[in-house]
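Right, one structure below, let's go through it.
Every read-out reported here was derived from the displayed coordinates using simple, explicitly stated rules and does not represent laboratory data. It should be emphasised that the depicted structure is a prediction, and the values quoted were computed from it without experimental measurement. Every residue, glycine as well, gets a Cβ built from its backbone with ideal geometry; the counts of neighbours run over all protein chains shown.
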Amino acid sequence: MKLILKLLASFVVALVLGVGSALLLLQGGGLGGTISAGAWKTSEIIGSADADPYTRARVAVGGLLALNRSETIYFTAATDDEGATLRTRCSYKIIGTDPPARWWSITAYAADHFLIPNPQDRYSYGGDTVAREDDDSFVILVGPSEAESNWIPTGENDGTFTLTLRLYNPNEETARDPSGIVLPRIAREACTE
């Protein structure tokens, strides 16, 4: 009987440690081959044959319907350009010009990897929907305070969020070396209490 209890206890401990470590890696572990461009980060192995099982699982959990790396490069920002975590109670300006791709989009996601619910049903802007400045650049406002143009609402709750920049059909040089491109800046404006 003691042997059975010891085996059962060992099995429970192994199960808890195995599942716990897998969840920890899926939720917060770093990705191999990470490239940074300002606050934006991408991985050279996401969407490639070199992706390990944990990377594939993280994409399955957080990147529903993700395309192959040969078609799209995904950049994610969880911080502003100063390194502060993106918070839903703060307002941000995303300032930039068109990245070197056939088409691009910037989308805000809640901490659960889903779109942030808002009455305006506005979640994203892209190369063909963003209002432009006189010099063809753009400014996208992200935050709880309503804006007249290019505004992505973050709702009323206090929490964190991420931004995803998708480059569809990036030019050849960008696909080869995504670290060499200039991506939009993310500047924090103000926070509500």
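With a/c under 1.5 counting as rounded, go ahead and sort region 127-184 into rounded, prolate or oblate using the C-alpha gyration tensor (a ≥ b ≥ c being the square roots of the eigenvalues; past the cut-off, prolate if a/b is larger than b/c, else oblate). Oblate shape, in that a/c is at least 1.5 and b/c is the bigger or equal ratio. Between F114 and A131, the contour length at 0.36 nm per residue exceeds the Cα-Cα span by 3.6 nm. Placing dummy labels 7 Å off each Cα toward the beta-carbon, the span from D81 to L5 is 6.4 nm. For region 128-147, the residues whose amide N sits under 11 Å from a probe point set 7 Å from the Cα of W103 along the beta carbon direction are 128-129. Remark on W103: its backbone amide H falls under 5 Å from those of Y168, a criterion applied only to residues 5 or more positions apart or on other chains, H modelled at 1.01 Å from N. In a simple Cβ point-charge model (Lys, Arg +1; Asp, Glu -1; nothing else charged), region 141-193 has a dipole of about 260 debye relative to its Cα centre.
Rounded to the nearest 0.05, the FRET efficiency derived from the C-beta distance between R89 and S149 at R0 = 25 Å is 0.70.
Residue by residue, region 91-101 carries 3J(HN,Hα) couplings of 9, 10, 10, 9, 10, x, 10, 4, x, x, 8 Hz when phi is fed to the Karplus relation 6.51 cos²θ - 1.76 cosθ + 1.60 (θ = phi - 60°); x denotes Gly or Pro. Along the axis of the charge dipole computed for region 95-159 (Cβ charges of +1 for Lys and Arg, -1 for Asp and Glu, origin at the Cα centre), the listed residues F114, N150, S124 are led at the positive end by F114.
Cβ crowding within 10 Å ranks I73, I4, I116 as I4, I116, I73, fewest other Cβ atoms first.
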